[in-house]
Amino acid sequence: MLKTYKSSFKPNITPVSLDRYVPKVELKEYLKINDAIYEVDSKAENSMTFSRLLGCQYSDTLKKMDPDHLVALVTEVIPNYSCLVFCPTKKNCENVAEMICKFLSKEYLKHREKEKHEVIKNLKNISSGNLCPVLKRTIPFGVAYHHSGLTSDERKLLEEAYSKGVLCLFTCTSTLAAGVNLPARRVILRAPYVAKEFLKRNQYKQMIGRAGRAGIDSIGESILILQEKDKQQVLELISRPLENCYSHLVQEFTKGIQTLFLSLIGLKIATNLDDIYHFMCGTFFGVQQKILLKEKSLWEITVESLKYLTEKGLLQKDTIDKSKEEIQCSFNITKLGRASFKGTIDLAYCDILYGDLKKGLEGLVLESLLHLIYLTTPYDMASQCVPDWMIYFRQFSQLSPAEQNVAALLGVSENFIGKKASGQAIKKKVDKDIVNRLYLSFVLYTLLKETNIWSVSEKFNMPRGYIQSLLTGAASFSSCVLHFCEELDEFWVYRALLVELTKKLTYCVKAELIPLMEVTGVLEGRARQLYNAGYKSLMHLANANPEVLIRTIDHLSRRQAKQIVSSAKMLLHEKAEALQEEVEELLRLPSDFPSMEASSTEKA
């Protein structure tokens, strides 16, 4: 038991106010109803006071295309200041960006024209010459959309251009408010909705909080556009306090309390019921338990969760000393529990994964990667997937006999997909999650063969950002499955296969580029340059002359060249050491090798 000591020493610390270092930015909140704009005022009777009428002359065409006067609102600010327009859906972001550009004057094209052309050029470079047609039309005006349909590289480029003022207007979804720090002079909320859900107070505050740039602007403005029918709800929204923060430890059952308990026991932080209960008392949920779950005590929740983990085969009760009271009863993690814990597998899927891997051993198809890809396709993404049945049928009909064998092993037939595509009734029941997961496996399999997100996006009619998220999720889950298999001897056959697949999913490039991309600072574009210049392996790079690299490879600095060579040498050295250890292990005499003395004793 650790002892705590009180000290008589009291440090003389004077509290420092940050106000004199961080300039305050005034945020003015406005509501727009029809042509009138009202300022939010908590002291006013209706929480708002009339500010002004929009004095804009709209043609009949413009009125039809822009009934909310977005063009008038954004042109009061851009291009000299930045503006964010939050839209309810991803499609709406793209439509609004295009609509605004249709009615902007040609003068906007001249503002930082060269830099905008550079942005378009860079977007093409990172996308193998491809460019979204919407961005192609909007970027020359300094406008772009921003949502999860973009790839991470596209988002990064657009965000940099916006931060530098090259782009002055983003039409975006609510996710931008929660993540990226992209402030603006004016923030416009297209509607008081996120998808079909009415805005919550904390979401509203998060969005309007983007208005005002500390150190750049002295003021920020937010304008919420609303219809008469939503007026009462919006007035309640702007006047009510922020929503309370509650623990989700029990609501997210398998990802929350059960994973926590498995980790506590796996790491030996707490192994008996009493210690686990006391740990729970110190959690955020433990503090809020009486509010969140009035019908059950914290003790009952702890006992039930441990019982569930034991019944699922992830934990085992210590039955050696039966005289112990229940409160002192210890728990040990089972092999399956340790595999799930080491692999960070969601406990909702650990037994399903075990079953899938077990079934895979009976007829693992190695003629193609499809079967292995299916086993590493994330379960949670499959449950959210809605297949396009015509595309599914088209892809299914192009499968090789070995690949069709994979589908047959999973219980998905071409006849079933064909009936779904033609809208026919189906009597035979097929597991929806398996069907969806196989569809996502087709996407990943095609992506690994073509290594081009754009062509796969077009082939499956999916946003390229979603495909990239699927690829990232699959690479991560493949690594998790690898760690899961490493803990279970029965799945040894998968280990080497999963190591290679994880690499392919992580880099998603032609196989010959993967060794080069293991080197620090070498991404796909650079790897391709090196490969075309004759540096086709780790050994080539480790023995390269940095000065020759600079002359051979375009846009490569001396520092980058030295870093590449140094990293390649280190990697090569590590691989050589690993092989040396393997050789020594093979040549070492086994510890259980029968000695001469033991043989003589047995004969006697």
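Could you tell me whether any residue of the range 404-414 is of a type outside the set (D, E, K, R), more than 30 Å from L336 (Cα to Cα) and at pLDDT below 95?
Yes, that holds for at least one residue.
For the range 423-473, filtering for residues that are among the small types (G, A, S), at pLDDT below 95 and open to solvent by less than 10 Å² (accessible area, probe 1.4 Å) leaves 1.
Yes or no: the range 161-174 includes at least one residue that is under 21 Å from the mean Cα position of the chain (by Cα) and open to solvent by 60 Å² or more (accessible area, probe 1.4 Å). No, the conditions are met nowhere in the range 161-174.
Listed here are the residues, each with its yes/no results for (1) within 30 Å of E118 (Cβ to Cβ); (2) in contact (Cβ under 8 Å) with a residue 60 or more places away in the chain; (3) among the basic types (K, R).
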{"residue": "L158", "(1), (2), (3)": "yes, no, no"}
{"residue": "L176", "(1), (2), (3)": "yes, yes, no"}
{"residue": "Q206", "(1), (2), (3)": "no, no, no"}
{"residue": "G212", "(1), (2), (3)": "yes, yes, no"}
{"residue": "K231", "(1), (2), (3)": "no, yes, yes"}
{"residue": "I238", "(1), (2), (3)": "no, yes, no"}
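L27 meets each of the listed conditions (1) closer than 26 Å to L150 by Cα; (2) under 32 Å from the mean Cα position of the chain (by Cα) apart from (1). The single condition among (1) at positive phi; (2) at pLDDT 90 or above that N95 does not satisfy is (1).
Each row is one residue, and each column tells you yes or no for (1) without any contact (Cβ under 8 Å) to a residue 12 or more places away in the chain; (2) more than 23 Å from G256 (Cβ to Cβ).
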position	(1), (2)
T344	no, no
H371	no, yes
S400	no, yes
E403	no, yes
N415	yes, yes
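Pairing residues of the range 92-119 that are open to solvent by 60 Å² or more (accessible area, probe 1.4 Å) with residues that are assigned to a helix (DSSP H, G or I) and modelled with pLDDT under 95, at Cβ distances under 7 Å and at least 6 apart in sequence or on separate chains, gives F103/L62; F103/V71.
State whether the residues of the range 526-535 include one that is in contact with a Leu (Cβ under 9 Å, 6 or more places away or on another chain), open to solvent by 70 Å² or more (accessible area, probe 1.4 Å) and at pLDDT below 90.
yes
Number of residues in the range 23-71 that are closer than 27 Å to R201 by Cβ, open to solvent by 40 Å² or more (accessible area, probe 1.4 Å) and either assigned to a strand (DSSP E or B) or of a type in the set (A, V, I, L, M) (or both) equals 10.
Residues of the range 303-312 that are under 21 Å from I345 (Cα atoms) and touching a residue at least 24 places away in the same chain (Cβ under 8 Å): S305, L306, Y308, L309, K312. Only one of the listed residues (L497, L513) is of a type outside the set (D, E) and open to solvent by 20 Å² or more (accessible area, probe 1.4 Å). That residue is L497. A residue that is under 29 Å from L372 (Cβ atoms) and modelled with pLDDT under 85 cannot be found anywhere in the range 540-560.
Could you please find all residues in the range 477-494 being open to solvent by 50 Å² or more (accessible area, probe 1.4 Å) and free of Cβ contacts under 8 Å to residues at least 60 places away in the same chain?
Once the filter is applied, which keeps residues that are open to solvent by 50 Å² or more (accessible area, probe 1.4 Å) and free of Cβ contacts under 8 Å to residues at least 60 places away in the same chain, the range 477-494 yields D489, W492.
Of the residues making up the range 149-177, those that are in contact with a strand residue (DSSP E or B) (Cβ under 9 Å, 6 or more places away or on another chain), assigned to a helix (DSSP H, G or I), closer than 24 Å to L109 by Cα and hydrophobic (A, V, I, L, M, F, W, C) are L158, A161. For residues in the range 557-577 being aliphatic (A, V, I, L, M) and without any contact (Cβ under 8 Å) to a residue 24 or more places away in the chain, which is most open to solvent (accessible area, probe 1.4 Å)? Selected residue: M570. Looking only at the range 178-188, filter to residues that are aliphatic (A, V, I, L, M) and part of a loop (DSSP other than H, G, I, E, B); which one of those is least open to solvent (accessible area, probe 1.4 Å)? Result: L182. Set side by side, the residues L497, L471, L501, L541 differ, and just one is under 30 Å from K91 (Cβ atoms) and either in contact with a helix residue (DSSP H, G or I) (Cβ under 8 Å, 6 or more places away or on another chain) or in contact (Cβ under 8 Å) with a residue 12 or more places away in the chain (or both), which is L471.
The single condition among (1) touching a residue at least 40 places away in the same chain (Cβ under 8 Å); (2) over 15 Å from F170 (Cα atoms) that A36 does not satisfy is (1). With over 26 Å from N452 (Cα atoms) and touching a helix residue (DSSP H, G or I) at 6+ places or on another chain (Cβ under 9 Å) as the only criterion, which of A144, A97 stands out? Among A144, A97, only A97 is over 26 Å from N452 (Cα atoms) and touching a helix residue (DSSP H, G or I) at 6+ places or on another chain (Cβ under 9 Å). Within the range 127-146, residues that are free of Cβ contacts under 8 Å to residues at least 60 places away in the same chain and assigned to a helix (DSSP H, G or I) reach partners that are of a type in the set (F, W, Y) and buried (at least 17 other Cβ atoms within 10 Å of the Cβ) with beta carbons closer than 6 Å, at six or more positions or on different chains, in the pairs F141/Y108. Of all the residues in the range 226-243, those that are over 33 Å from the mean Cα position of the chain (by Cα) and surrounded by fewer than 16 Cβ atoms within 10 Å (Cβ to Cβ) number 7. Can you tell me which residue in the range 189-225 is most open to solvent (accessible area, probe 1.4 Å), limited to those that are farther than 21 Å from N80 by Cα and in a loop (DSSP other than H, G, I, E, B)? If we take residues in the range 189-225 being farther than 21 Å from N80 by Cα and in a loop (DSSP other than H, G, I, E, B), then K196 is most open to solvent (accessible area, probe 1.4 Å).
Go through the range 351-366 and count every residue that is under 20 Å from Y445 (Cα atoms) and at pLDDT 90 or above.
Of the residues in that region, 4 qualify.
The values are calculated or read from the model by the stated rules, or taken from the named source; none is laboratory data. These figures come from a predicted structure and were not determined experimentally. No Cβ is skipped: glycine too gets one built from the backbone with ideal geometry, and neighbour counts run over all protein chains shown. Calculation scope for accessible area: heavy atoms of the full protein, side chains included, ligands and nucleic acids excluded. Shrake-Rupley method; radii C 1.70, N 1.55, O 1.52, S 1.80 Å.
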